[in-house]
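J.: Have a look at this one.
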Amino acid sequence: MQGEEDAGPEPGETGEDARRAPSAGGGTKTALAPGLWLVATPIGNLGDLSSRALVTLRAADLVLCEDTRVTAPLLARHGIGTPLRALHDHNEAAEVPNLLGRLRDGARLALVSDAGTPLVSDPGYRLARAAMEAGLHVSAVPGPNAAVMALTLSGLPPLPFLFNGFLPPKEGARRDAIARLRAAEGAGLSATLVFFEAPHRLAECLAALAEGFGDRPAAVARELTKRFEEVRRDSLPALAAHYAANAARGEIVVVVGPAEADAPGGADEVDARLRAALAAGESLRDAAAMVAAATGLPRRQVYARALEIGREGG
Ligand code: SAM
C-alpha cells in the first residue's frame with residue numbers, strides 16, 4: 001500500500017521512486033502519470049520548492065503558468081527545460097477545450113501560478129474543474145500557501161477558518177462584503193477570517209474591518225518566508241492606527257479573530273442572530289433552523305421567537 005500512502009509524482013510508481021531527488025542539471029526525465037498536476041511554488045523563499053514539485057515540473061510535457069516571466073527563471077534555476085505556456089484569467093476559458101483535448105490524448109500538464117498554491121486567488125479553477133468533470137486524472141503537489149502560513153502564525157484560533165481572498169477594493173463594496181460576514185456571524189458563524197490585501201490598501205482595509213468587527217484580535221502577516229518577514233498581532237483598531245501612521249510594504253495577509261462565542265442561547269443572542277439571518281434574506285424557517293443549530297436550542301422554540309420577530313417587523 002506504499003503507493004497509496006505516499007502518492008508520488010506518478011500514481012503507480014513506488015513511494016521510493018516518488019521520493020527520488022531530481023538532479024540539479026536536468027538529466028533523464030522521470031515518468032509521470034498523464035493528467036493535470038497542480039504544483040505549488042514558493043511564496044518568497046526559493047528553498048520552499050519541494051523535490052516533488054521539481055520532479056513533476058521536469059517530467060511534464062508542458063508547464064502552464066500565470067506569467068512566463070515569473071516561471072521561466074524558476075525553471076531555468078533548476079535546469080528544467082519543459083515548455084511553458086501562459087494560462088491566466090484572460091485566456092483560461094478559451095484555452096480549456098484545447099487543454100482538455102491534450103489531456104485526453106495522454107498529456108502530462110503541470111499548472112503553477114506566480115507564487116504559492118494555484119487556484120487559491122490564482123488561475124486554474126476552470127481548467128481543474130473541467131478536467132475533473134471530464135473524468136481526467138487531476139492531482140496536486142502541495143506546498144506553500146500564504147493564507148495558511150499567516151493563519152498558523154497569527155496566534156488566532158486556527159479552526160474553523162474562513163479564507164476570503166481579497167476584499168473588494170472599492171469602499172462601498174468592501175463595506176457590503178464585511179456586512180455580509182457580520183450577518184453570517186449573527187446567524188452563527190464563528191470562524192477566524194483570513195484576507196489577502198495589497199500594501200497600498202492595508203490601512204483603509206483595516207479601518208473598514210475595525211469598523212465592521214470592532215475591537216477584535218487580529219494579525220497582519222507581511223513578507224512571509226522572506227527576509228523582512230513580520231507578523232504584528234494586536235486589536236483591529238490598534239492595527240488600523242499603526243498602518244495609518246506607517247505605510248506597509250510587501251505582500252500581506254490579514255487575519256481576524258472569530259466572533260465571540262458568548263454564552264450561546266441567551267435571549268439577546270437568539271434575537272440578534274435571528275434578526276441578522278432575516279435581514280440577510282433567510283426565510284423564517286431557515287433562520288430558525290440556522291439559529292437553532294448555532295445555539296443548540298430546540299428548533300420549535302427558536303421558530304416561535306422568529307415568528308414573533310417577523311410579526312414585529314411586519
Ligand atoms: N496562490 C497564492 C498562495 O497560495 O499563497 C496567493 C496568490 S494571491 C494572487 C497573492 C496574495 O497572496 C498577495 O497579494 C498577498 O496578499 C498574499 N501573499 C502571497 N505571498 C505572500 C507572502 N510571502 N507574504 C504575505 N502574503 C503573501
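Read-outs throughout are calculated quantities, based only on the coordinates presented, and are distinct from any laboratory measurement. Predicted model, so just to flag it, every value in this text is computed and none were measured. Heads up, the Cβs are rebuilt from the backbone with ideal geometry, glycines too, and the neighbour counts pull from every protein chain shown.
J.: Quick one: Debye curve from the alpha-carbon atoms of region 95-205 only, equal weights, vacuum; give me log10 I(q)/I(0) at q = 0.11, 0.12, 0.15 Å⁻¹ to two decimals.
T.: Relative scattering, expressed as log10 I(q)/I(0), comes to -0.52, -0.61, -0.85.
J.: A follow-up question, please. When DSSP assigns beta bridges and you keep just the ones with both residues in region 15-144, what percent turn out antiparallel, to the nearest 5?
T.: 5 percent
J.: A follow-up question, please. May I ask you to list the GluC sites (Glu not before Pro) in region 182-276 that are in a DSSP loop and have at most 14 other Cβ atoms within 10 Å of their Cβ?
T.: Passing both the DSSP loop test and the Cβ count: 260.
J.: In region 46-78, which residues have a backbone nitrogen under 18 Å from the label point lying 7 Å from residue 152's Cα in the Cα-to-Cβ direction?
T.: Label zone hits: 46-53.
J.: So, one more: Quick one: putting +1 on the C-beta of Lys and Arg, -1 on the C-beta of Asp and Glu, what dipole do you get for the chain around its Cα centre, in Debye to the nearest 20?
T.: For this selection, approximately 320 debye.
J.: Please report the base-10 log of the normalised intensity I(q)/I(0) for the chain, using a Debye sum with one equal scatterer per alpha carbon and no solvent, at each q in 0.10, 0.14 (1/Å).
T.: -0.72, -1.07
J.: Please report, ordered by residue number, every helix of the chain (full DSSP H runs) that is 15 Å or longer along its axis going by C-alpha atoms and whose mean Kyte-Doolittle hydropathy reaches 0.0.
T.: Span-like helices in the chain: 202-213, 267-279, 284-295.
J.: What ranking do 162-171, 186-195, 56-65, 139-148 get when scored by the average of other Cβ atoms within 10 Å per residue, highest first?
T.: So the order, starting with the most tightly packed, is 56-65, 186-195, 139-148, 162-171.
J.: Pull up all non-local amide H partners of residue 162: gap of 5 or more, or a different chain, and H-to-H distance under 5 Å with H placed in the peptide plane.
T.: Amide H to amide H, under 5 Å and 5 or more residues apart or across chains, residue 162 pairs with 192, 193, 194.
J.: Highest first, please rank the peptides 113-122, 232-241, 70-79 by the mean number of other Cβ atoms sitting within 10 Å of their residues.
T.: Averaged packing, sorted descending, gives the order 113-122, 232-241, 70-79.
J.: Follow-up. Kindly work out what percent of the DSSP beta bridges joining two residues of the chain are antiparallel, to the nearest 5.
T.: Once the DSSP bridges in the chain are tallied, antiparallel ones form about 45 percent.
J.: Going 7 Å from the Cα of residue 249 along its beta-carbon direction, which residues of region 184-220 have the amide nitrogen within less than 15 Å of the resulting point?
T.: Under 15 Å, as judged by backbone N against the label point of residue 249, lie 199-200 of region 184-220.
J.: Moving on to the next point. Once you put a point 7 Å from the Cα of residue 139 and another 7 Å from the Cα of residue 173, both along the Cβ direction, what distance in nm separates them?
T.: Placing both labels 7 Å along Cα→Cβ, they lie 3.9 nm apart.
J.: Residues with amide H under 5 Å of residue 84's amide H, sequence separation 5 or more or different chain, H placed in the peptide plane at 1.01 Å from N; which?
T.: Result for residue 84 returns 63.
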